[in-house]
1. For segment 266-279, which residues satisfy the criterion of being within 16 Å of Ser111 (Cα to Cα) and open to solvent by less than 60 Å² (accessible area, probe 1.4 Å)?
2. Would you check which residues across segment 527-551 are closer than 18 Å to Arg592 by Cβ, among the polar types (S, T, N, Q) and out of contact with any helix residue (DSSP H, G or I) (no Cβ under 8 Å at 6 or more places or on another chain) and list them?
3. Would you please list the contacts, defined by Cβ atoms under 8 Å and residues six or more apart or on different chains, that run from a residue in segment 170-188 that is within 11 Å of Leu13 (Cβ to Cβ) and touching a residue at least 60 places away in the same chain (Cβ under 8 Å) to a residue that is open to solvent by less than 20 Å² (accessible area, probe 1.4 Å) and among the aromatic types (Phe, Trp, Tyr)?
4. Within segment 108-128, identify whether any single residue is more than 22 Å from the chain's Cα centre (by Cα) and surrounded by fewer than 17 Cβ atoms within 10 Å (Cβ to Cβ), and answer yes or no.
5. Only one of (1) open to solvent by 10 Å² or more (accessible area, probe 1.4 Å); (2) part of a helix (DSSP H, G or I); (3) under 23 Å from Lys17 (Cα atoms) is not met by Gln95, so which one is it?
6. Can you find even one residue in segment 137-159 that is more than 22 Å from Gln95 (Cβ to Cβ) and either crowded, with 24+ Cβ neighbours inside 10 Å or not hydrophobic (A, V, I, L, M, F, W, C) (or both)?
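The values are calculated or read from the model by the stated rules, or taken from the named source; none is laboratory data. In this text, all values refer to a predicted model and were calculated from it rather than measured experimentally. For neighbour counting, all protein chains shown are included, and Cβ atoms are generated from backbone atoms with ideal geometry for every residue, glycine included. Side chains are part of the model used for accessible areas, which takes the heavy atoms of the whole protein and leaves out ligands, DNA and RNA. Shrake-Rupley method; radii C 1.70, N 1.55, O 1.52, S 1.80 Å.
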Amino acid sequence: MKKLEHIPLNGELPSPKGVALAILELCRKEDATIAEVAHIAQTDPALASRLIRQANSAAMGGSRPVASVTEAIMRLGMGTVRNLALGFSLVDQYQNGPCEGFDYQGFWSHSLLMAVAVQQFCAMANVGSSEELFACGLLAQVGRLSLATVYPAAYARLLQNPDPSRSLVSLEQEHLQADHNELTAALLTEWGIPGALVEPIYHHENPEASGFATGSRPHQLVNILYLARCVADLGLAPEGEHGSRTAALLLLGGRIGLDADTLGAAIDNLVQRWREWGELLRVPASALPSFAQMSAAHALRPEERGRTGVLRVLLVDDDPTTRCIMEGVLRDALGHSVICAESGTEALALAVEAQPQIVITDWLMPGMNGLELTRALRGTEWGQTIYLIMLTGHDDEEEVSEAFEAGVDDFLTKPVNVRTLRARLRAAWHYVQLLEAWERDRAQLKQFAAELAISNRRLEHAAMTDLLTGLPNRRAGMGALAKAWAAADRFQEPLAVLVLDVDHFKRINDTYGHAVGDKVLVEVAQQIQRAARKNDSVCRLGGEEFLMICQNADIKAALLAADRLRRTIEAMKIEAAGTVIRSSVSIGVSAREPRMADSDALVNAADRALYRAKESGRNRSCIIVQGQLRCLP
């Protein structure tokens, strides 16, 4: 991405003025305070009311509404307030302009709907600060406004005489030596928006070209931005295009785990909020039919229901017995056309020639294994549309996550159940039909989107859940802690954590066996979960260690909760292997302090307190305050 000074421009760019400019300049100072920002914002009643509205729309469940600008800024954060003031200032200034071919009202209508959609989808997916991303959605295409401002006549000619065979970006580069994406990125960087947000915005028109790692936060953001843009396209599209656009949205929603009903309800909700914001900002926002009504225009014709077909399946397994059994089931019982390979290398060569619709491959094979075959197929243009099912002898969450990140669409655990295989192939068949005629087969598209969303939710759950106890695992717990830390920092609320360790757990395993040890862990985990408050989070860190995150709790409250929980577990009677087992836990407690740099420091402090509890005889609670350790008797 280019810096602003490296982009050839011959005119004045859009920029904030008045109160927004003052806030922007103040926020660039390291010692700027919330009180100073609030003092400036209060001088503009329109901006003040918009900030309060945004703070209340972003409020978490249970948070009281804010009524003052100072409270709104505390809830939103100064960075978000800066971005919102910037965006609102540009909306007010550029309701019209000198470029005759540029639809200023349509531009802001589209940008506003995109902003509301980004905010809603990010909140649903728990990706970043949704209120901060509202401003990013509003400014995601400010480069187009900039080109219309700097080159009004040339940009008008370009827009009024489009070349259907070329993209707008390429035309801008040819005629203006700059394009709206690079100009958007340069302006956002100049205005102080973080690079972690600017880069996904830069790539949002073509997420596949971003190169972001699958599952990473930039990858999630760029896909949410693209989905939000498509929702904005739907909002401004003529009625005759509603059906085809809703069909495309179903597929995109499925990629981030939203089934048809959830996506439809979300879009209906955000369209209503778009109209409310449009009235506040004096931006047109037309009424739309419900998502279900728009989708119905593209429904499947009755004569096309119930159609079935034969799939071309490439079966890859190095075990002759498994391969023979699976081939028989696929060909004779299910009626599909089957090609077999005994290695990943052979399968890749056959795939080039046969172009299968479905690939069912074993994971562990000599030479090129199933994961390497998946990556090789996904690396080709034609291989990106193949439906890939992975066979595995294990149901390990890390392996499942790795397989999906490599490009696998589904997986089956060996030995394969025929009924389960049939169900998987039914979903695969829907996928193939959608690729071939998805505009015609609207009902099949909806079903596939639902199946894809369910699959994604199951994968996310598997990747974030401890299989033994059913609690969130360490990865999920650390994510919850990072969010709790950010919320505590933003709202200036206390935060405490408890790290718990089951005492003498190795002795339990050695004496009664691992099955009994597992039961003890499950019983203790359930007791910890029951003891947690509504807003607390509990996870299994690993082995016999657990973490409880206590939001809005100071060190005193956390210590009382810890010792109450310790006594409850001490009193438990766990029946297993024909005997009654008693257990206990040692607990380390720490609370957020100003000297702590991040959430890791908070957990490390609790670990130190836990170590002191175990050193002091176990079955006790210890705290650490300002580096000083103290244990309850």
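1. Ile267, Leu270, Val271, Arg273, Trp274, Trp277, Gly278
2. Asn535
3. Taking only residues 6 or more apart or on different chains, not a single pair turns up.
4. Step one: filter segment 108-128 for residues more than 22 Å from the chain's Cα centre (by Cα), giving 108-110.
From what's left, surrounded by fewer than 17 Cβ atoms within 10 Å (Cβ to Cβ): none.
No - not one qualifying residue is present in segment 108-128.
5. (2)
6. Checked against the condition, which is being more than 22 Å from Gln95 (Cβ to Cβ) and either crowded, with 24+ Cβ neighbours inside 10 Å or not hydrophobic (A, V, I, L, M, F, W, C) (or both), segment 137-159 yields at least one hit.
A quick yes/no check of all residues on (1) under 30 Å from Leu263 (Cβ atoms); (2) in a helix (DSSP H, G or I):
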{"residue": "Thr43", "(1), (2)": "no, no"}
{"residue": "Leu47", "(1), (2)": "no, yes"}
{"residue": "Arg75", "(1), (2)": "yes, yes"}
{"residue": "Thr80", "(1), (2)": "yes, yes"}
{"residue": "Phe134", "(1), (2)": "yes, yes"}
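This table checks each residue for (1) under 17 Å from the mean Cα position of the chain (by Cα); (2) touching a residue at least 60 places away in the same chain (Cβ under 8 Å); (3) surrounded by fewer than 23 Cβ atoms within 10 Å (Cβ to Cβ).
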residue: Glu190; (1), (2), (3): no, yes, yes
residue: Asn206; (1), (2), (3): no, no, yes
residue: His219; (1), (2), (3): yes, no, yes
residue: Leu236; (1), (2), (3): no, yes, yes
residue: Arg245; (1), (2), (3): no, no, yes
residue: Leu249; (1), (2), (3): yes, no, no
residue: Arg255; (1), (2), (3): yes, yes, yes
